[in-house]
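Trainee: To start, I am sharing the structure in question, which I have written as structure tokens.
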Amino acid sequence: MDVHVDRDRCLGAGMCALTAPGVFDQDQDQGLVVLLDPHPPEDRHAAVRLAAGVCPASAVTVTEHGRPATA
């Protein structure tokens, strides 16, 4: 799994950081997403997929096996 974030799209809602802490955080200045682990371990994959799905700005992209994952 590869994870990418688009900070330009991020609204700072924090759903990613709440859903998958340790993979995502928010910066102190603007509250925008910070990607902590672009290749999370398998035990965090479900939470990362959920985080991508609940992001109101669609700022989180998950790629598995070379293709974007479907929600």
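The values are calculated or read from the model by the stated rules, or taken from the named source; none is laboratory data. None of these values were measured; they are calculated from a predicted model. No Cβ is skipped: glycine too gets one built from the backbone with ideal geometry, and neighbour counts run over all protein chains shown. Note: areas computed on protein heavy atoms with side chains; ligands, DNA, RNA excluded. Shrake-Rupley method; radii C 1.70, N 1.55, O 1.52, S 1.80 Å.
Let's see how each residue does on (1) part of a loop (DSSP other than H, G, I, E, B); (2) in contact with a strand residue (DSSP E or B) (Cβ under 7 Å, 6 or more places away or on another chain):
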{"site": "3", "(1), (2)": "no, yes"}
{"site": "11", "(1), (2)": "yes, no"}
{"site": "28", "(1), (2)": "yes, no"}
{"site": "39", "(1), (2)": "yes, yes"}
{"site": "43", "(1), (2)": "no, no"}
{"site": "46", "(1), (2)": "no, no"}
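Trainee: Return the total of residues in segment 8-30 being over 11 Å from residue 55 (Cα atoms) and surrounded by 14 or more Cβ atoms within 10 Å (Cβ to Cβ).
Mentor: Within segment 8-30, residues that are over 11 Å from residue 55 (Cα atoms) and surrounded by 14 or more Cβ atoms within 10 Å (Cβ to Cβ) number 5.
Trainee: Something else: Yes or no: segment 48-67 includes at least one residue that is in contact with a Phe, Trp or Tyr (Cβ under 8 Å, 6 or more places away or on another chain) and assigned to a loop (DSSP other than H, G, I, E, B).
Mentor: Checked against the condition, which is being in contact with a Phe, Trp or Tyr (Cβ under 8 Å, 6 or more places away or on another chain) and assigned to a loop (DSSP other than H, G, I, E, B), segment 48-67 yields no hits at all.
Trainee: Tell me which residues, restricted to segment 33-58, are over 15 Å from residue 2 (Cβ atoms) and open to solvent by less than 30 Å² (accessible area, probe 1.4 Å).
Mentor: Taking segment 33-58 and keeping what is over 15 Å from residue 2 (Cβ atoms), we get 33-34, 43, 46-47, 50, 53-58.
Those that are over 15 Å from residue 2 (Cβ atoms) and open to solvent by less than 30 Å² (accessible area, probe 1.4 Å): 33, 55, 57.
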